[in-house]
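I have placed the structure first, in the form of structure tokens, so that the comments after it can refer back to it.
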Amino acid sequence: MIHLEKIKKNVIIKIELPEEDYKILSKIAKSKGYTLTNDYIREIIIDAAERKENMQINKESLDQLSRKIEKTVQDLLNPFTQKIDELSSRIADLIESLEEVKEEKEVKEEKPLLKESKEEEKGKKKTAVEILREQGVIFSDDVRWLRNPDAYFKKLESSGALVLYFDNERIALDKEYWNRFKAKLESIAIRDAKEVEELIISEFGENGGKLFNILIKKGLVYYDESLNAWTTNK
């Protein structure tokens, strides 16, 4: 949008642009030898105006000039915008690949705790309850290799564990772990969930952060405005 404001014999033309577009224009201006971006924009306007030598300054012609300037600026920005979009897409792909590698690494690190160790294979096998007591929490993803994961969680529940049942997900919690988790959560007065997640991870590890996010998503954990603290429905 272009606004005209008369000050004596001068006319100030204000062009509102998104900050990212202005940064791109600044780079173009410097590449063309302009010290100030404003000088480059002024040249664009003058060049567009000179092509209409007999144009009268009225609302209709001003609208035409405005559209022409916007088109000229957009034509200059399009190649750079396309490159930025391509770069953003590549960065997103790279982040996704890194996250996949991280997930694979976490699975490899967690599975030894769920499967038998070499010593256990020789005759000393840990029970499901012992594994849960060591880890504090077990997610469905952790035991996908089992033939009957539901039976595994039911066994934990019958042994005194707290098991949360969702549509396609199960979470087993050691009661002592869960009490510590709730106590920590209820002691935090920060409202920002991301900051809270970082605090949880610092004490309970990545699994604690994963648990926190799932409970928020399922509505079992929320920030109570009246208490100025986080609380649970479980």
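The values are calculated or read from the model by the stated rules, or taken from the named source; none is laboratory data. All of these numbers come straight from a predicted model, not from anything done at the bench. Positions of Cβ are backbone-derived with ideal geometry, glycine not excepted, and every protein chain shown enters the neighbour counts. Remember, those area values only see protein heavy atoms, side chains included, never the ligands or the DNA or RNA. Shrake-Rupley method; radii C 1.70, N 1.55, O 1.52, S 1.80 Å.
Observations on the model:
- Each pair of Cα atoms in the stretch 146-201 enters the Kirkwood radius, and Stokes-Einstein at 20 °C and 1.002 mPa s then converts it into a translational diffusion coefficient of 164 µm²/s.
- With θ taken as phi - 60° and the Karplus curve 6.51 cos²θ - 1.76 cosθ + 1.60 applied, the whole-hertz 3J(HN,Hα) list for the stretch 19-24 is 4, 5, 5, 5, 4, 5 Hz, x standing for glycine and proline.
- Computed accessible area, GLU70, all protein chains, 1.4 angstrom probe, square angstrom: 90 Å²
- Put simply, the stretch 128-232 fits an ellipsoid with semi-axes of 26, 13, 12 Å; these come from the alpha carbon gyration tensor as the roots of five times its eigenvalues, largest first.
- Accessible area per residue was computed with a 1.4 Å probe on protein heavy atoms; SER158 scores about 100 Å².
- Here the stretch 192-234 is described by how far its Cα atoms reach on the three principal axes: 29, 18, 14 Å, from widest to narrowest.
- Derived scalar couplings between HN and Hα for the stretch 153-169 equal 6, 5, 5, 5, 5, 5, 8, x, 6, 8, 10, 9, 10, 10, 3, 10, 9 Hz in order, rounded to whole Hz, by the Karplus curve 6.51 cos²θ - 1.76 cosθ + 1.60 (θ = phi - 60°), x for Gly and Pro.
- For the set ASP192, ASP174, solvent exposure ranked by accessible area (probe 1.4 Å, protein chains only) runs largest to smallest as ASP192, ASP174.
- Cβ-defined net charge surrounding TYR177, 14 Å radius [Lys, Arg +1; Asp, Glu -1]: +2
- Accessible heavy-atom area order of THR35, THR127, THR231, highest first, probe of 1.4 Å: THR35, THR127, THR231
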